[in-house]
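Following: one structure in C-alpha cells, then a few remarks.
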Amino acid sequence: MMTKLDQQLAALYQSIDERGRQQLNAQQITGDPILAIHEPDQRRGLTLLVTLPAHVKRNIQFCLTSLRSAAPNMYYYPSTDLHITILDLLRAQKDFQLSPAQFSQYQRVISQVIAQARPVQWTIKNVYLSPVGVLVGGFYSPVLTTIRDQIRRQCQQQGLPVMERYRTVSGHMTVARFIKQPTNPQKLLKAVDQLAQLKFGTFTSYQFSLVVHDWYNQRIDQAAPLPIGQGA
C-alpha cells in the first residue's frame with residue numbers, strides 16, 4: 001500500500017513526465033549547451049547527496065541499454081556518477097568559490113542534524129521523461145523530509161546560505177540528459193513507456209556525502225562522508 005508521501009512523490013514525478021512529453025512532442029527540447037560542445041563542465045556547486053548501492057546501479061544500467069538504442073544522442077550517466085540530490089546547498093556556477101573553512105562549517109552543521117536522525121529507506125522504481133532528460137523515481141521514508149527542513153533551518157541560524165535551484169522535495173535521479181531535440185521522439189517515448197514500471201531495488205542510507213562537484217557529478221573536488229544516526 002502506498003503511503004501519503006509515496007502518493008505525493010508519484011504525483012510529482014507524473015507531472016514532470018507530462019511536461020517532458022509535452023515539450024518533446026512540441027520540439028521544445030533545448031538540452032545543455034555544455035554537453036553539446038563536448039567541453040569539461042567548469043560549473044561547481046555544493047551538494048548533499050546519496051550514492052547508490054551496486055545492485056541498484058547495475059539494474060539502472062541494464063535499463064539504459066534499451067534507452068541508448070532508442071535515443072543514442074543523449075548523455076547517459078555512467079554508474080559512478082549516478083546519485084540522488086538531498087539538498088543543493090550552493091547551486092553550481094562557473095565562478096563558484098568556497099574556502100575549506102566554509103566547507104567545514106557546512107559539514108559541522110549538517111553532521112549535527114543527521115547524527116540525530118534515523119537512516120533513510122529508499123525504493124527506486126519507475127522511469128519518467130522530463131524536460132531535461134530521463135528520470136528514475138526515488139521513494140523515501142518520511143524522515144528525509146524532516147532532515148531537509150532541519151538542515152535548512154540550522155544553516156539559516158548559522159548564517160550559511162542555502163541556495164537551492166528549487167526547494168528539493170523529490171528523490172529522483174537523472175539518468176540521461178538531452179543534448180538536443182531527439183530526431184525520433186516517438187521511438188524514445190515508446191522506450192520510456194516500456195520501462196516505465198520497472199523496479200530497480202531498495203536500500204537504506206546510513207550516510208550522505210557533502211561534495212563540491214560539477215553539474216553531472218563527473219568531477220568531485222572535495223567530499224566528506226556524513227554518517228546518519230550516530231548520535232540517535
- Item | Single condition ALA191 does not satisfy, out of (1) surrounded by fewer than 19 Cβ atoms within 10 Å (Cβ to Cβ); (2) modelled with pLDDT of 95 or more | (1)
- Count - residues of segment 90-108 that are part of a helix (DSSP H, G or I), under 22 Å from the mean Cα position of the chain (by Cα) and either under 30 Å from LEU188 (Cβ atoms) or hydrophobic (A, V, I, L, M, F, W, C) (or both): 1
- In segment 61-89, residue surrounded by the fewest Cβ atoms within 10 Å (Cβ to Cβ) [restricted to those that are under 14 Å from the mean Cα position of the chain (by Cα) and among the aliphatic types (A, V, I, L, M)]: LEU82
- When segment 194-232 is checked residue by residue, the ones that are under 28 Å from ASP17 (Cβ atoms) and either of a type in the set (Lys, Arg) or at pLDDT below 95 (or both) are LYS199, ASP214, TRP215, TYR216, ASN217, GLN218
- Residues being within 18 Å of the chain's Cα centre (by Cα) and under 11 Å from PHE96 (Cβ atoms): count how many of those fall in segment 25-49. 4
- Message: Can you list residue pairs whose Cβ atoms sit under 9 Å apart, with the first residue in segment 172-201 being closer than 14 Å to ALA70 by Cα and the second being among the aromatic types (Phe, Trp, Tyr) and in a strand (DSSP E or B)? Count only pairs 6 or more apart in sequence or on different chains.
- Response: ALA176/TYR75; ALA176/TYR76; ARG177/TYR75; ARG177/TYR76; PHE178/TYR75; VAL192/TYR128
- Item | Single unsatisfied condition, MET163 versus (1) over 21 Å from TYR13 (Cβ atoms); (2) of a type outside the set (Phe, Trp, Tyr); (3) modelled with pLDDT of 95 or more | (3)
- Task: Answer yes or no: is there a residue in segment 94-114 that is closer than 30 Å to LEU24 by Cα and either without any contact (Cβ under 8 Å) to a residue 60 or more places away in the chain or surrounded by 22 or more Cβ atoms within 10 Å (Cβ to Cβ) (or both).
- Result: yes
- Message: Anything in segment 133-187 that is within 25 Å of ARG44 (Cβ to Cβ), within 13 Å of the chain's Cα centre (by Cα), buried (at least 20 other Cβ atoms within 10 Å of the Cβ) and not β-branched (Val, Ile, Thr)? List them, or say none.
- Response: GLY133, LEU135, GLY138, GLY171, HIS172, MET173, ALA176
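Can you report the number of residues in segment 150-200 which are charged (D, E, K, R) and part of a helix (DSSP H, G or I)? Give the steps one after another, and end with the answer.
From segment 150-200, those charged (D, E, K, R) are 152-153, 164-165, 167, 177, 180, 187, 190, 193, 199; that's our starting set.
Among the residues that remain, those that are also part of a helix (DSSP H, G or I) are: 152-153, 187, 190, 193.
Residues meeting the conditions: 5.
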- Neighbours by Cβ (under 6 Å, 6+ apart or cross-chain): first from segment 122-133, under 19 Å from ILE86 (Cα atoms); second among the polar types (S, T, N, Q): THR123/THR202
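Please list, ordered by residue number, the helices (runs of 4 or more DSSP H) wholly in segment 1-87 having 2 or more residues that are of a type outside the set (D, E, K, R) and within 30 Å of LEU160 (Cβ to Cβ). Please lay out each step first, then the result.
Working: elements: 4-25, 33-37, 54-70.
In segment 1-87, the matching helices (runs of 4 or more DSSP H) lie at 4-25.
The values are calculated or read from the model by the stated rules, or taken from the named source; none is laboratory data. None of these values were measured; they are calculated from a predicted model. No Cβ is skipped: glycine too gets one built from the backbone with ideal geometry, and neighbour counts run over all protein chains shown.
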